[in-house]
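Trainee: Quick one: the structure is below, and I'll ask about it shortly.
The values are calculated or read from the model by the stated rules, or taken from the named source; none is laboratory data. Everything numeric here is computed off the predicted structure, so don't read it as measured data. Virtual Cβ from ideal backbone geometry, glycine too; neighbours counted across all protein chains shown. SASA here: full protein model, heavy atoms, side chains in, ligands and nucleic acids out. Shrake-Rupley method; radii C 1.70, N 1.55, O 1.52, S 1.80 Å.
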Amino acid sequence: MKSVDARSESASLSHSNPSHTDHTLHQELLIEGAGCASCVGKIESALQQVSGVMAAEMNFAQRTVSVYGPVDSDKLVKAVAGAGYTATLNNAQSDAEAIAEKEQADAAYYRRLMREVAAALLLGVPLMLYGLVADMSINNGVERTAWLLLGLLTLAVMVYSGKHFYLGAWQSFKNHSANMDTLIALGTGTAWLYSMVVVLLPGVFPEMARHLYFEATAMIIGLVNLGLALELKARGRTSEAIKRLMGLQPKTARVVRGDQEQDVAIEAVLRDDIVRVRPGEKIPVDGEVVAGSSSVDESMLTGEPMPVSKTEGDEVAAGTINKTGSILFKATRVGKDTALAHIIDMVKRAQNSKPPIGRLADTISAYFVPAVMIIAVLSALAWLNFGPQPSVAFAIVSATTVLIIACPCALGLATPMSVMVGIGKAAEAGVLIRNGEALQSAAKMTTMVLDKTGTITLGAPKVTDILVNQGYDKNTILSLAAALEAGSEHPLAVAIIESAKEQGLAIATASNFNAITGHGVEAEVDGLQLLFGNEALMRSRAIDLGDFVTKAQQLAAEAKTPMYFAVDRQLAAVIAVADPIKHDSIAAIARLKENGLRVIMLTGDNRATAKAVADSVGIKEFIAEVQPEDKAARVQQLQRQGEVVGMTGDGINDAPALALANVGFAIGTGTDVAIESADITLMRGSLHGLADAIAISKATLGNIKQNLWGAFVYNAAGIPFAAGVFYPVFGLLLNPVIAGAAMAFSSVTVVTNANRLRLFKSEKH
Amino acid sequence: MIWVNMAGLGFIGFIVWWFWLYKPSDSVANTPD
């Protein structure tokens, strides 16, 4: 946990002030030649040993490492080279540039891999076809010379197309670890070495055992490289979500400097610049409207489909689309500080992170590879001791095939691929998942605790009912009440003034204003004596309330706050104010319950209001009159009962509970604090985001399990077959070439299965 | 044949030691001051 904090701290440092010194705090390296998940640990630990490095975090799916700390980049590149890989510093100034550079590097790597594939298959395929029609053995001197040349040609292919396997295997061997490279190097190396001994010293083996396996070496190298190339292609697609987010930001902005308006590159926009955005254009940076008004489509950021109206003083965010009017706004956050940039950064970091289930895969592969090597030796010994003639050939074939089929590269890919796609998918639905752990916990949640104010309800009181007495109309009452309350900042007063403004009513000026603490207010407006407050205030002034008392009680039972309004000592109306329930809370809570979750509402409000709200949204369990610090205690209590608790709140007074819960969901507007404090942030205020987050998490976790299961079972099941267990009964022995093809296919299967997640669609609502 | 078996088992022993039993601190711990 600590290291994550250190990372986010340093990351935010580099965001807040992109000066030269800060740039050295966070550097990104592009890595080449990391074939298997076990490389991640090696590269990270090599970098962490460089003095000054605070943290190094590799994104295996992207083949990039983020290094945090004031370190010279040359030292980092050298450290990676020392671990047996190639690193280049990502010099990109912007995310878009970084992606473009990465894509260029990937494209170059892809072309190189394909050249290597071509070279290996050009030799391997004809040899294999020859093996189908003729005997791959040495019967005379001419054949011997020909095979010697082919053996040397195979060696050339091994060097040209397969040197990364041998170098990788040697590097990991020196580090006392073993990985996919080890298995491929041992497998192909054994096949080639055996064949060369047959060519050079045929007398060592009995005649039946003088079979050659050069084609196996070339084919395996070719096919495994082909698998790597296909995987690289598929991997490019997993970063689509990030690319889509980055595509939201326009490339230029129209800045007003002096009397002139000029289009400047987005990087050249400074804080406090005045920026003009015309209808239909994207807003280039975050800012505050200083002139004009418009409606802005924020759906790409929040998922909220309705455009939001913006006028002077309102904030606008980069990446959103200005719909109707032309506005001028002052840039408040530019470059890497915009909300959009933070979201992109957070999604990137989350895609890097590993859920606990992924660490299981790492542990398995650490034991798996040496175990496979042992099985290969045992299998060879078994064939040598008990196998039919030519036992040496059988022993070599079975050992090679075991090494090749058991290669756990699909196992290493299983988790990161799905996490990348799942978190990207969630971001598209307006759900920001902080890390892989949150993703896994969200899928396993049993109880969801919901805060009331601002979560289930809008969090801003509104006038819900105006019950007028004979001789009055609603607009007059609202206008007078607004005039009376104009000076007050009480939430109820604000609700009334807002409501009058929404209706377009004129608000007169009040005089002789008097606040009666705890009861209400009185004042004079247009010569009328106005009194506004609770029942006690009215009774103290001997105002006849008639049957309005019953009506007011009914309103109170509906979780509304009724207030009496008297004009010239006569009751004129009852105005009820309430915090309305969000229009889709009921449907969203129903979805949570359909998911089998126990839903509990927590609120600091009184019991009556809490009950009314809980009843109307269909929540059976609620806890009222809870202090913020007690909310955390309640969460803990549920956890002690064995529940996996999700807590949803608006991120400020619910902070302790959010932190304690297994998964904290913040209702955010897609900006600042809320995003930083929660495990999962719902960019849109709607609770549907919760059900979406759970659905995506479950789909992702399911996908990871399929991948792990598929990859592991595939590897494990192939071993006995490759070792020749089925030979004595069925006469079946796997060909090493088939094993190589199947292995390449298994990686492609895993990547394809992870990409299947991209088709995931959250429920329409 | 016995030698081949011995070599094979020896190789297995080496794998177990090199990849599982060996700890980087071993060499340091065994070095006399």
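Trainee: All but one of (1) open to solvent by less than 80 Å² (accessible area, probe 1.4 Å); (2) under 52 Å from the mean Cα position of the chain (by Cα); (3) away from chain B (no Cβ under 14 Å) hold for residue A:160, so report the exception by its number.
Mentor: Among (1) open to solvent by less than 80 Å² (accessible area, probe 1.4 Å); (2) under 52 Å from the mean Cα position of the chain (by Cα); (3) away from chain B (no Cβ under 14 Å), the lone unmet condition for residue A:160 is (1).
Trainee: Here is a further query. Considering only residues that are touching a helix residue (DSSP H, G or I) at 6+ places or on another chain (Cβ under 7 Å) and over 24 Å from residue A:615 (Cβ atoms), which ones fall in the stretch A:540-566?
Mentor: Within the stretch A:540-566, A:545, A:564, A:565, A:566 meet the criteria.
Trainee: So if I check each of A:603, A:609, which one is touching a residue at least 40 places away in the same chain (Cβ under 8 Å), open to solvent by less than 60 Å² (accessible area, probe 1.4 Å), farther than 25 Å from residue A:662 by Cβ and not aliphatic (A, V, I, L, M)?
Mentor: Step by step, each of A:603, A:609 is checked, and only A:609 is touching a residue at least 40 places away in the same chain (Cβ under 8 Å), open to solvent by less than 60 Å² (accessible area, probe 1.4 Å), farther than 25 Å from residue A:662 by Cβ and not aliphatic (A, V, I, L, M).
Trainee: Please enumerate the residues belonging to the stretch A:65-91 that are hydrophobic (A, V, I, L, M, F, W, C), touching a residue at least 40 places away in the same chain (Cβ under 8 Å) and either part of a helix (DSSP H, G or I) or surrounded by fewer than 16 Cβ atoms within 10 Å (Cβ to Cβ) (or both).
Mentor: Passing the criteria: A:76, A:77, A:80, A:89.
Trainee: Could you figure out which of (1) more than 21 Å from residue A:486 (Cβ to Cβ); (2) within 47 Å of the chain's Cα centre (by Cα); (3) open to solvent by less than 10 Å² (accessible area, probe 1.4 Å) isn't true of residue A:583?
Mentor: Exception for residue A:583: condition (3).
Trainee: Across the stretch A:586-600, which residue is surrounded by the fewest Cβ atoms within 10 Å (Cβ to Cβ) among those that are assigned to a helix (DSSP H, G or I) and aliphatic (A, V, I, L, M)?
Mentor: A:590
Trainee: Then there is this: Checking the conditions here, which among A:695, A:632, A:716 is surrounded by fewer than 21 Cβ atoms within 10 Å (Cβ to Cβ), in a helix (DSSP H, G or I) and at pLDDT 80 or above?
Mentor: One residue alone meets the criteria, A:632.
Trainee: Do we find that residue A:180 is surrounded by fewer than 24 Cβ atoms within 10 Å (Cβ to Cβ), aliphatic (A, V, I, L, M) and away from chain B (no Cβ under 14 Å) in this structure? Show your work before the answer.
Mentor: Working: surrounded by fewer than 24 Cβ atoms within 10 Å (Cβ to Cβ): no; aliphatic (A, V, I, L, M): yes; away from chain B (no Cβ under 14 Å): yes.
Taking the combined requirement at face value, the residue does not satisfy it.
Trainee: Could you please find all residues in the stretch B:9-23 being more than 7 Å from chain A (Cβ to nearest Cβ) and either closer than 17 Å to residue A:376 by Cα or in a helix (DSSP H, G or I) (or both)?
Mentor: Answer for the stretch B:9-23, where residues must be more than 7 Å from chain A (Cβ to nearest Cβ) and either closer than 17 Å to residue A:376 by Cα or in a helix (DSSP H, G or I) (or both): B:9, B:10, B:13, B:14, B:16, B:17, B:21.
Trainee: Shifting gears a bit: Residue A:487 is checked against (1) at pLDDT below 85; (2) open to solvent by less than 50 Å² (accessible area, probe 1.4 Å) and fails just one. What number does that condition carry?
Mentor: (2)
Trainee: Right, another one. Can you pull out the residues in the stretch A:250-269 that are at pLDDT 90 or above and either open to solvent by 50 Å² or more (accessible area, probe 1.4 Å) or over 17 Å from residue A:334 (Cα atoms) (or both)?
Mentor: A:254, the sole residue that qualifies.
Trainee: Answer yes or no: is there a residue in the stretch A:720-733 that is in contact with a Lys or Arg (Cβ under 7 Å, 6 or more places away or on another chain), crowded, with 18+ Cβ neighbours inside 10 Å, part of a helix (DSSP H, G or I) and modelled with pLDDT of 75 or more. Reasoning before the result, please.
Mentor: The first filter runs over the stretch A:720-733 and keeps only residues in contact with a Lys or Arg (Cβ under 7 Å, 6 or more places away or on another chain), leaving none.
Scanning the stretch A:720-733 turns up no residue that is in contact with a Lys or Arg (Cβ under 7 Å, 6 or more places away or on another chain), crowded, with 18+ Cβ neighbours inside 10 Å, part of a helix (DSSP H, G or I) and modelled with pLDDT of 75 or more.
Trainee: Between residues in the stretch A:696-724 that are more than 23 Å from residue A:428 (Cα to Cα) and residues that are open to solvent by 10 Å² or more (accessible area, probe 1.4 Å) and not in a helix (DSSP H, G or I), which pairs lie under 6 Å by C-beta distance while being six or more apart or on different chains?
Mentor: Matching pairs, first to second residue: A:721/A:734; A:722/A:734; A:724/A:733.
Trainee: What is the residue count in the stretch A:102-114 for residues that are open to solvent by 60 Å² or more (accessible area, probe 1.4 Å) and touching a residue at least 60 places away in the same chain (Cβ under 8 Å)?
Mentor: 2
Trainee: Return the residues of the stretch A:372-394 that are within 26 Å of residue B:20 (Cα to Cα) and more than 9 Å from chain B (Cβ to nearest Cβ); say none if nothing qualifies.
Mentor: Selection gives A:372, A:375, A:376, A:379, A:382.
Okay, residues lined up against (1) open to solvent by 30 Å² or more (accessible area, probe 1.4 Å); (2) modelled with pLDDT of 75 or more:
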{"position": "A:337", "(1), (2)": "yes, yes"}
{"position": "A:341", "(1), (2)": "no, yes"}
{"position": "A:344", "(1), (2)": "no, yes"}
{"position": "A:348", "(1), (2)": "yes, no"}
{"position": "A:383", "(1), (2)": "no, yes"}
{"position": "A:413", "(1), (2)": "no, no"}
{"position": "A:435", "(1), (2)": "yes, yes"}
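Trainee: Which one of these is of a type outside the set (Ser, Thr, Tyr) and on the phi > 0 side of the Ramachandran plot: A:168, A:84, A:151, A:141?
Mentor: When all the criteria are applied, what remains is A:84.
Trainee: Still on this structure, please answer the following. Could you look through the stretch A:115-151, keep only residues that are in contact (Cβ under 8 Å) with a residue 24 or more places away in the chain and assigned to a loop (DSSP other than H, G, I, E, B), and pick out the one that is most open to solvent (accessible area, probe 1.4 Å)?
Mentor: Residue satisfying both the conditions and the ranking: A:138.
Trainee: OK, next. Looking only at the stretch A:612-624, which residues are buried (at least 21 other Cβ atoms within 10 Å of the Cβ) and in a helix (DSSP H, G or I)?
Mentor: Taking the stretch A:612-624 first, the residues buried (at least 21 other Cβ atoms within 10 Å of the Cβ) are A:613-614, A:617, A:619, A:622.
Selection gives A:613, A:614, A:617.
Trainee: In the stretch A:382-391, what count of residues is obtained for those that are more than 52 Å from the chain's Cα centre (by Cα) and touching a residue at least 60 places away in the same chain (Cβ under 8 Å)?
Mentor: 4
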